[in-house]
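All of the numbers you see were taken from the coordinates with simple rules; none came from a lab. Just so it is clear, the model here is predicted, and its values are computed rather than measured. Note that each Cβ is placed from the backbone with ideal geometry, even for glycine, and that neighbours are counted across all protein chains shown.
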Amino acid sequence: MNISIPYSWLKDYIKTDAKPEAIAEALSLHSFSVEKITDVDDDNIFEIEVTPNRGDALSVLGVARELMVVLPRKGFKCEWVKKDTPRSETKENKDTIDVSISDKTLVPRFSAVIMDNVKYGQSPKIIRSRLEKVGIRPLGNIIDVTNYMMVDRGQPMHVFDYDKILGHKMIVRESSEGEVVQTLDGVERKLPAGVIVIEDGDGRLIDLCGIMGAKNSEVDENTKKILLFVQVYDPVKIRKASMSLGHRTDAALRFEKGIDYEGVIPALWESVGMVEKLSGATVSSDLIDIVNFERPEKLIKIDVDKVNKISGVGINKDEVFSILDSLGFEKVGEDLVKVPSWRYEDIDIPEDIAEEVIRIYGYHALPEVNLSGEVPLKEKDVSFYWEKVIKYFLKYNGFFECYTYSSTSIRNVGEDALKIQNPLSEDMSHLKTSLIPQLLEVVEKNSGFSEIMKVFEIASVYKNSFDDVNKIPDQPIKIGIVTKGVDYKDLKGILSSLAHTLGLSYEKSEEILSSSPINEHGDSILSVEIDFYSLVEGATKDRVYTPITNFNFIREDLTFEVPAGVLYPQIKRIIVESDERIDKLEFKDIYNNYLTFSIEYLDSKKQISSEDTQEIRKKIFKNLEKIGVTLKV
Amino acid sequence: MNNLEDVESIKKYLDDRLDNASSAEDVLKIKLEFLGKKGFISKMLADMSKIPAEKRKEYGIKINSLKDEIEGVIELHSKKYDGSSVSQYSDLYKSLPGTKPNIGHLHIITTAISEITGVFVPLGFTRTRYPEVEREYFAFEALNMPETHPARDEWETFFIDSPTDEKLGRLVITPHTSSGQVKEMLKGDLPIRMLNISRCGRRQIDISHVPSFYQFEGLVVDKNVNITHLIGVLNYFARNFFGPDRKIRLRPYHFRFTEPSFEVDIDCGVCHGKGCRLCKSGWLELGGAGMVHPNVLKAGGIDSEIYTGFAFGWGVERTYMMKSGTKIDDIRHLFSNDLRFLEQF
């Protein structure tokens, strides 16, 4: 979460000789990243990306605390100048509020003060200007105080018009499904069950706790009495409610990260002091402070060896404790520290302590060391090698490699495809079950590019069938190929040649190619999808050498007339099996049903003669006659 | 000259004549002189009748072989002047562009993956792949991110409409390669130096985000591994991938699955960390890293008192775009599959 902090505001807390750039650098290197510094008038506003674990730093106070630690390490002076506002006196203790809490876990701490004699008006310029600098619209002297305190202390607050809390009664409870509350922004919100709300004596919902107040109890120009309200809520409940309502307010984002338990009362008195000053109001009640849970002290043992096992350098014990002390970790006894209240949620284990120490010591100050230790001997996944071979093969055969999104529209997949619950758009609602539809779209989209197009992708597809062990869908990797303007036979040839390049046996190659048929889509578009692992399974770098003879082969072309129903592979097999001296047989040409073969005869033991070939030819004719294939005369 | 006994002289004469030839016309003349109707060979054949019958066969063979030889030699010579009619344009011809074989293009993501892999393999890393559609447990819980944790907001996760598994949770498109960490650990094969490059998905689409993308993730688990080793590996990567004079730095960050966690910056290739107009601060953000959280090691069945580890991982596309100065202004081009884009790589 990013926050904006004006330099001028920080000066309420600290006095330093560091320039804004130096402050930004120190924070970035030791604490959290300062994304940019914006110069406004004569001020500088830091935009800081506070990491989710550092809810304590979503405030001027939190950033100032951090600067007190990091600036001196960079050689700058830094002095704490902020003084806490003392508790205000109760002028006239006449007002009360009747609080009932249905479940203590909802509100670990509930505190409030009632004030009378409120004069509604505008805040002074300095308050308004500071709020505007951090992007908050000034809304009058009372509301401004609550917003101001949220930025100043990181403590979200709310203020009610006391007289609009009917019966001066508050019941903190969980919503039941379907209850409606109109929030300050005027929106009617229908609640799911389990949202923390406050009901008044008349059964009205007067607060959507931790997210936004309700319209029916808001402060306006007629307000005379207010109830200032500072709470700690169950962070998980706030988060769930805010997420399910889709209403992510600054207050909710802070509450769900956890609030400084011990910061609640000081923040309350600070705000009371401000309201007194800005509106002339006076305290008219006792402090209401219901502590539903006492948080035990959190003590952690400091293990300097552990710190250095992680850092890789020798940070000595004194420095470890000195860094921790500067961060507010109080030393208890010989080797324990007490976690400060504002870091209570974040620090649990020795590794957390190590992080605190080493980040302040400076990650950038650690040396670079090469990995030593044993190099793991793992079984190599050969599929990566073959993936590369396939990609290069296709590239050098004129194919463009594509990467398409994993999700696509329902028209590209069946009803059975895995559906995305929260798709970005209807066009990306389902996981693809084949690479082909999206590749066809690629060809379609690029139709003006060239008459001949060849594209491919190697990626997973997603099946609605599950792996019993991992309980996840089968996600086989496929090779998808789409061509336009490429002859059927040429594409088939590319696939055979690919299989050959991978070292596939003839049988394996036939098996895979026959189970991955080439589909025709019209407009001279073809597609084929091959299972990657089936192909890789048969791939090998091994080759068997056949001795080269010194005898010459005799080559001749033969043309046969093929009757209907007989196909090439059958003829080929019969010819090849006719005699072992048939060394090579290749398809040469086709005209109607006339097939021309080029045949090479070779005898590895002696020079083959025309008498020999004549004899072989006779065998071929005889065998082919059985299936009705005859020599064309 | 027509004495067949003097075959050698005939050949020599032919050679002389051809040596003096300077054009295709010259060669044609010579051809007629030897092989034409009134040429030497014709005359010799005409002389056949004068040869005694018993020697005629031998004589015929000799003439034929001479004829073949002459034809061959002349043929060879006439090739010299082949296209001699365009000889005056030969410079122009040679200045034409070559006929290129029809070669396609590998996608820039493939190139990036291959380069990244090439850097880590010599350090003993083994490449793996882990599934894109994964259970919540491996994408989050095993990485120390319970369901209610606000840290989960950072991942714009896609959920799949499918029954929830009692133990492993909902089905998601993994938003990061870190979902492979615990799976790799559970193989029980230590030490680990894994390089997982896999497809991920997040619910984002804009100039710098696409809903499908690739991440690479390094994971090292061993005895005595600390932050200085992480810096060592990342600097090795910076030098070998971005250039020998580049270096990284670590800054504090927060991830639930590492403790401590870092953001990794690389120094600007122009000013090397000083700050210039191009980079502003002198450093550019690369991605996240950290020391593996003990809870993650525990989920992977590894004793964190004996073993430590580090992990780093970030987007393949973005990293490559930072390196190559390809000037790709919108990451969505990578998945647009416009052939005019693809043919540039």
### Message
Placing +1 on the Cβ of each Lys and Arg and -1 on the Cβ of each Asp and Glu in the stretch B:166-271, which of B:Tyr253, B:Ser178, B:Val221 has its Cα farthest towards the positive end of the resulting dipole?
### Response
B:Ser178
### Query
Which of these, B:Ser198, B:Ser49, B:Ser178, has the largest mean-square fluctuation under a Gaussian network model of chain B (Cα springs below 10 Å)?
B:Ser49
#### Entry: Unit charges on C-beta of K, R, D, E only; dipole of the protein assembly as shown, Debye
2380 debye
### Task
Relative to the longest principal axis of the C-alpha atoms of chain A, give the angle of the C-alpha long axis of helix A:60-73, reported between 0 and 90° and rounded to the nearest 10°.
80 degrees
### Task
Identify unpaired cysteines across chain B, taking unpaired to mean no other cysteine Cβ lies under 4.7 Å from the residue's Cβ.
B:Cys200
## Note on the structure
Charge tally for neighbours of A:Gly503 with beta carbon under 14 Å away, counting Lys, Arg as +1 and Asp, Glu as -1, is 0
### Query
Using unit Cβ charges (K, R positive; D, E negative) and no other charged atoms, how large, in debye to the nearest 20, is the dipole of the stretch B:108-342 about its Cα centre?
760 debye
### Message
Let me confirm the definition first: pairs of Lys residues in the stretch B:43-102, 8 or more apart or on different chains, C-alpha distance under 16 Å. How many are there?
### Response
4
### Task
Filter the GluC sites (Glu not before Pro) in the stretch A:52-158 down to the DSSP loop ones having no more than 10 other Cβ atoms within 10 Å, then list what survives.
A:Glu89
#### Entry: Positive-end extreme of charge dipole, the stretch A:98-291 - chosen from A:Ala214, A:Ile265, A:Leu253 (charges on Cβ)
A:Leu253
### Query
Which number do you get for Rg(Cα) / (2.2 N^0.38 Å) in the stretch A:98-291?
0.95
### Query
Looking at the stretch B:282-324 from every direction and averaging, what is the projected area of its Cα convex hull in nm²?
4.3 nm²
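With Cβ to Cβ distances under 10 Å as the rule, what net charge do the other residues near B:Tyr13 carry (K, R +1; D, E -1)?
Computed value for this residue: -2.
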### Query
To the nearest 500 deg cm²/dmol, what mean residue ellipticity at 222 nm is calculated for the protein assembly as shown from DSSP H runs of n ≥ 4 alone, each contributing -39,500 (n - 2.57), summed and divided by the residues?
-9500 deg cm²/dmol
#### Entry: Intensity falloff of the stretch A:299-364 expressed as log10 I(q)/I(0), Debye formula with alpha-carbon point scatterers, at q = 0.18, 0.22 Å⁻¹
-0.57, -0.86
### Query
Taking θ as phi - 60°, what are the ³J(HN,Hα) couplings along the stretch B:250-257 by the Karplus curve (6.51, -1.76, 1.60), each to the nearest whole Hz, with x for Gly and Pro?
9, 10, x, 8, 9, 10, 6, 9
### Summary
With Cα coordinates, the longest principal axis of chain B makes an angle with the long axis of helix B:24-35, in degrees rounded to 10, of 50 degrees
### Query
Can you tell which of A:Ser604, A:Ile554, A:Ser102 lies farthest toward the positive end of the dipole of chain A, using +1 and -1 charges on the Cβ of basic and acidic side chains (Lys, Arg; Asp, Glu)?
A:Ile554
### Task
Find the percent of Cα-Cα distances in chain B that exceed 32 Å, and round it to a whole number.
53 percent
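Taking the beta-carbon count within 10 Å as an exposure proxy, list A:His168, B:His229, B:His105 from fewest neighbours to most. Provide the component values of the computation, followed by the final result.
Values: A:His168 17, B:His229 23, B:His105 20.
Listing A:His168, B:His229, B:His105 from fewest to most nearby Cβ atoms yields A:His168, B:His105, B:His229.
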### Overall dimensions of the protein assembly as shown by Cα: Rg and Dmax, Å
41.3, 156
### Message
Quick check: the angle from helix A:141-153's long axis to the longest principal axis of chain A, C-alpha only, nearest 10 degrees?
### Response
60 degrees
### Summary
At q = 0.11, 0.12, 0.23 1/Å the base-10 log of I(q)/I(0) from the Debye formula over the alpha-carbon atoms of the stretch A:146-252 is -0.31, -0.37, -1.40
## Note on the structure
Low-density loop GluC sites (Glu not before Pro), the stretch A:377-424, at most 15 other Cβ within 10 Å, DSSP non-H/G/I/E/B, are A:Glu379, A:Glu415
### Query
Evaluated at 10 °C with a viscosity of 1.306 mPa s, what Stokes-Einstein diffusion coefficient in µm²/s does the stretch A:2-80 have when Rh comes from the Kirkwood expression over alpha-carbon pairs?
130 µm²/s
### Message
In whole Hz and in residue order, list the ³J(HN,Hα) couplings for the stretch A:80-91 that follow from phi through the Karplus curve 6.51 cos²θ - 1.76 cosθ + 1.60, θ = phi - 60°; x for Gly and Pro.
### Response
7, 10, 7, 10, 5, 6, x, 4, 6, 7, 8, 5
### Message
My understanding is that a pair violates if its Cα-Cα distance is over 28 Å; which of A:Lys388/B:Lys247; A:Lys36/B:Lys247; A:Lys541/B:Lys223; A:Lys492/A:Lys541; A:Lys74/A:Lys306; A:Lys508/A:Lys584 do that in this structure?
### Response
A:Lys388/B:Lys247; A:Lys541/B:Lys223
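Give a quick list of GluC sites (Glu not before Pro) in the stretch B:166-265 that DSSP marks as loop, anything other than H, G, I, E or B, with at most 13 other Cβ atoms within 10 Å.
For GluC sites (Glu not before Pro) across the stretch B:166-265 that sit outside H, G, I, E and B with at most 13 neighbouring Cβ atoms in 10 Å, the list reads B:Glu166.
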### Footprinting exposure proxy for A:Arg54, A:Arg581, A:Arg555, A:Arg137 (fewest neighbouring C-beta atoms within 10 Å first)
A:Arg137, A:Arg555, A:Arg581, A:Arg54
### Task
Compute the signed sum of charges (Lys and Arg +1, Asp and Glu -1) over the other residues within less than 10 Å, Cβ to Cβ, of A:Gln122.
+1
